[in-house]
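> Pasting a structure below so you can have a look.
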Amino acid sequence: MINYGLVGYGLNGFSHVMELSKFPILQGRSNLVAGFDPNPEATQKLKELNEVKAAKSFDDFLDTPELDAIIISSPPRFHAEQAVAALESGLHVFSEVPMAIEEKFLEKIIAAEDQSGKIYLLGENYCFFSEVLYAGYLASSGKIGPIVYAESEYLHDVTYRWRKERHGDVDVPRVDSWYQQFDPLMYAHSIGPAQVAMGGIENPMPFIEVVSYSNDIGGFEGKPICSPAKAFHVGLFRTETGAIAKCANAFIFAREPTRIIIQVVGRTGTYECYQIDKPGKLFLADGHKITISLHRKGRSKKIDKDKLAEIVPSLDGLHYGASTRIMNEWLTAIENNKKSPIHAKIGANFCLAGIAASQSARSGGKPIKIKQFIE
């Protein structure tokens, strides 16, 4: 039984507590013993949980004797420092995205993970969508040949984050949001999945350079409600192998439902899913033969849930099972004393790519080199 504590008891924090206690693959493996949130309302909710310490401060929280691990669901500006402090205190860490919003913290988290011997996992659950894992399987197994291109999008209108009482109407008073602290690609949800789709979950393919652009055109009357963060952000990333990925994120985008896609193109095949949780399509080429109708010869087949499950077993849970799957990976890594699939160096490759994309966009599309963190 892993005794864990929770930092931040908002929507995400509550979701983690619920999934750890509800879904069969996670049940009975952990126990919530402490929580910390400076918001008095959240503190009161923590006090109402049976046998859970509602800590008075983060230091008080870390001093809880029976604590083995923590889940960080606080606002992003606190993620890095809280992760380092917890690792240095001998605790395992599950951190919500983003890993950090400043590059200088990435190596501190890596060093703290290495020196502590504890498990760090960046909670980029979108890497664990069945469709993303399937794309990574095709890439890593060579079934579609060397990878040429990948595409990942997360187009989600979060206008409500800047409106009082979480209503998105323009007549509702504006409030500050932690989304203002970073541009959309820094929030992840597209970079991590693209790297997994190109290399597989065991060896996500890092990016080495980016050209990126952003705008505020999607906002109401062109007004950037998320200022100083941008509303829409797209980047073209290059890998060491010469493959290219296009990643796009949005904070304001007039689309429903939220668009979450993954596509991976190899030299001899393509897998594309233009809406997560909907059937995708796999095309496998027959060499370099061209048919009489001037199309590449090969075969296409629909990849529905049953086909996905042949490679990626389905799971019940939040975000189509992706949140359950990544939490299971964290608990399993702790139980077996092995590194998690998105340990600090992998997470840093995701995070620094987003930071570099922001720098490129802010410079008007200047190419930015991206450091790689290699195991």
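Where a number appears in this text, it was derived from the coordinates with a stated rule and is not lab data. None of the values given here were measured: they were computed from a predicted structure. A quick note on method: Cβ atoms are made from the backbone with ideal geometry, for glycine too, and the neighbour counts reach across all protein chains shown.
> Relative contact order for segment 2-125: what is it in percent, counting Cα pairs under 8 Å that are at least 6 residues apart? Working shown, then result.
Details: 214 pairs, mean separation 29.0, N = 124.
Relative contact order for segment 2-125 comes out at 23 percent.
> Also, quick follow-up: Pick out which of L315, L294, L87 has the largest mean-square fluctuation in a Gaussian network model of the chain, springs linking Cα atoms closer than 10 Å.
Of L315, L294, L87, the Gaussian network model singles out L294 as fluctuating most.
> Another question about this same structure. So, in nm, how far is label N336 from label R77 when the simple model puts each one 7 Å beyond its Cα toward the Cβ?
Simple spin-label model gives 3.9 nm for this pair.
> Does a label point 7 Å from the Cα of S300, set along Cα-to-beta-carbon, have any residues of segment 120-154 with amide nitrogen under 14 Å, and which are they?
Label zone hits: none.
> Using only the Cα atoms of segment 167-309, each taken as one equal point scatterer with no solvent, compute I(q) by the Debye sum, divide by I(0), and report log10 of the ratio at q = 0.13, 0.19 Å⁻¹.
Cα-only, vacuum Debye calculation for segment 167-309: -0.74, -1.19.
> Could you check the spin-label model distance between A254 and Q372? Points 7 Å from the Cα along Cα→Cβ, value in nm.
If labels sit at A254 and Q372, their model points lie 4.2 nm apart.
> Less than 11 Å Cβ to Cβ from I71, Lys/Arg counted +1 and Asp/Glu -1: what total charge do the surrounding residues give? List each step's numbers first, then the result.
On the way: positive: none; negative: E19, E96.
Overall, the nearby charge balance is -2.
> Same structure, new question: For segment 254-266, take each phi angle, set θ = phi - 60°, evaluate the Karplus expression 6.51 cos²θ - 1.76 cosθ + 1.60, and give the result in whole Hz per residue in order, putting x for glycine and proline.
Per-residue couplings from phi come out as 7, 8, 8, x, 3, 8, 10, 10, 9, 9, 9, 10, x Hz.
> Separate question: Compute the distance from the alpha-carbon center of segment 24-97 to that of segment 115-156, in whole Å.
Using only Cα atoms to place each centre, the spacing works out to 27 Å.
> Next up: Mean Kyte-Doolittle hydropathy of -0.5 or higher plus an axial Cα length of 18 Å or more: which whole DSSP H helices in the chain meet both?
322-336, 344-362
> For each of Y320, Y149, Y134, count neighbouring Cβ atoms within 10 Å of the residue's Cβ, then give the residues from fewest to most.
Details: Y320 20, Y149 15, Y134 24.
Ordered from fewest to most neighbouring Cβ atoms within 10 Å, Y320, Y149, Y134 come out as Y149, Y320, Y134.
> Here is a follow-up. Lysines near K56 by alpha-carbon distance under 22 Å, same-chain residues fewer than 8 away left out - which ones?
K45, K47
> Going by how many other Cβ atoms sit within 10 Å of their own, how do M1, M18 line up, fewest first?
Details: M1 8, M18 11.
Neighbour counts put them in this order, fewest first: M1, M18.
> Return the Rg/Rh ratio of the chain with Cα-based radii and a Kirkwood Rh.
0.98
> For the chain, what's the relative contact order in percent, using C-alpha pairs closer than 8 Å and at least 6 residues apart?
On the way: 854 pairs, mean separation 69.4, N = 375.
Reported relative contact order: 19 percent.
> To continue, here is another question. How do E165, E272, E103 rank when sorted from fewest to most other Cβ atoms within 10 Å of their own Cβ? Mind showing how you got there, number by number?
Numbers: E165 8, E272 17, E103 14.
Taking fewest neighbouring Cβ atoms as first place, the list is E165, E103, E272.
> Hey, what number do you get for the chain at 222 nm if only DSSP H runs of n ≥ 4 count, each worth -39500 (n - 2.57), divided across all residues, to the nearest 500? Please report the intermediate quantities before stating the final value.
On the way: 10 runs with 108 residues, N = 375.
Theoretical 222 nm ellipticity from helices: -8500 deg cm²/dmol.
> Next up: Assign one of three labels to segment 51-132, namely rounded, prolate or oblate, based on the Cα gyration tensor with a ≥ b ≥ c the square roots of its eigenvalues; rounded applies when a/c is under 1.5, prolate when it is not and a/b is larger than b/c, and oblate otherwise.
Values: a/c = 1.64, a/b = 1.37, b/c = 1.20.
Verdict is prolate for segment 51-132.
> Output the pairs from K223/K366; K104/K371; K164/K230; K278/K305 with a Cα-Cα distance over 18 Å in this structure; if there are none, say none. Write down the numbers at each step before the final one.
Details: K223/K366 25 Å; K104/K371 12 Å; K164/K230 20 Å; K278/K305 8 Å.
Checking Cα-Cα distances, K223/K366; K164/K230 exceed 18 Å.
> Which FRET efficiency, nearest 0.05, do Q115 and E66 yield, Cβ-Cβ r, R0 25 Å?
Numbers: r = 23 Å, r/R0 = 0.92.
Between Q115 and E66 the formula returns 0.60.
> If R₀ is 30 angstrom, what is the calculated FRET efficiency for the pair R174 and Q359, using the beta carbon separation as r and rounding to 0.05? Don't skip to the end; give the middle numbers.
Numbers: r = 27 Å, r/R0 = 0.91.
The value I calculate is 0.65.
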